[in-house]
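So the structure is just underneath, and the comments pick up after that.
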Amino acid sequence: MKIIAFGGSNSHSSINKKLATYVAHLFENADIEVLDLNDYALPVFSVDLEKEIGHPKQAVDFLEKIGSAQILVVSLAENNGNYSVAFKNIFDWCSRKHKDVFQGKPLLLMATSPGGRGGASVLEIAKNSLPRYGANIIATFSLPSFYENFDVDKEQISNILYDNQIKDVVKEFAF
């Protein structure tokens, strides 16, 4: 089983990438590839630029990675209650090439933040909008207060209640 995981942030120390990486490794017997949005950096999308340069290789490559997955594990960063610019930009470019960006792949959609709401706003936005772009959202998960509930040194959720909760969610994906 091939899993593509990524955090919806271009931060080199992304807490969402850390969460996505940890959760992806909870799947047994999986071939896991963790993407870094920095590898898909693109100019800010505009229709004028699209007319000028067409569909950039980074967007095509990102879509191919999504297409190679059997399961997607995505944890979205929340910036001012919405998607990060890095995620929104790659998403916009990809959706112009192929509207069904997520290609019907089973998706575990997550968010985390340093605050007590755990990215609840971006998670709600994504739950409502991403299905229109081919997201087959099987489950969602929010980890509040990241630094209180995730051990960065051990690279795992440290709060047993949240850890058990995400392990139960992963079981929903049993094939």
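The values are calculated or read from the model by the stated rules, or taken from the named source; none is laboratory data. Computed from a prediction, not measured in an experiment: that's the story for all the values here. Cβ placement follows ideal geometry from the backbone for every residue including glycine, while neighbour counts extend to all protein chains displayed.
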> Scanning for something touching a strand residue (DSSP E or B) at 6+ places or on another chain (Cβ under 7 Å), among the small types (Gly, Ala, Ser) and in contact (Cβ under 8 Å) with a residue 12 or more places away in the chain, does region 33-46 turn up at least one residue?
Replying inline: no
> Which one of these is at positive phi and either crowded, with 20+ Cβ neighbours inside 10 Å or touching a Pro at 6+ places or on another chain (Cβ under 7 Å) (or both): GLY119, GLY134, GLY104?
Replying inline: GLY119
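Which residue, of LYS105, LYS154, LYS171, is in contact with a Leu (Cβ under 7 Å, 6 or more places away or on another chain) and either free of Cβ contacts under 8 Å to residues at least 12 places away in the same chain or among the basic types (Lys, Arg) (or both)?
Values: LYS154 fails: in contact with a Leu (Cβ under 7 Å, 6 or more places away or on another chain); LYS171 fails: in contact with a Leu (Cβ under 7 Å, 6 or more places away or on another chain).
Criteria check complete, one pass: LYS105.
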>> Looking at the structure I just gave you, is PHE102 under 19 Å from SER46 (Cβ atoms), at pLDDT 95 or above and among the aromatic types (Phe, Trp, Tyr)?
In response: no
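Just one of ASN79, ASN16 is closer than 18 Å to LYS127 by Cβ, without any contact (Cβ under 8 Å) to a residue 60 or more places away in the chain, surrounded by 14 or more Cβ atoms within 10 Å (Cβ to Cβ) and not β-branched (Val, Ile, Thr); which is it?
Values: ASN16 fails: without any contact (Cβ under 8 Å) to a residue 60 or more places away in the chain.
Going through ASN79, ASN16 in turn, just one is closer than 18 Å to LYS127 by Cβ, without any contact (Cβ under 8 Å) to a residue 60 or more places away in the chain, surrounded by 14 or more Cβ atoms within 10 Å (Cβ to Cβ) and not β-branched (Val, Ile, Thr): ASN79.
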>> With the requirement that a residue be more than 16 Å from VAL73 (Cα to Cα) and of a type in the set (Lys, Arg), what does region 123-170 give you?
In response: ARG132, LYS154
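Residues in region 133-143: is at least one out of contact with any helix residue (DSSP H, G or I) (no Cβ under 7 Å at 6 or more places or on another chain), β-branched (Val, Ile, Thr), at pLDDT 95 or above and under 15 Å from LEU26 (Cβ atoms)?
yes
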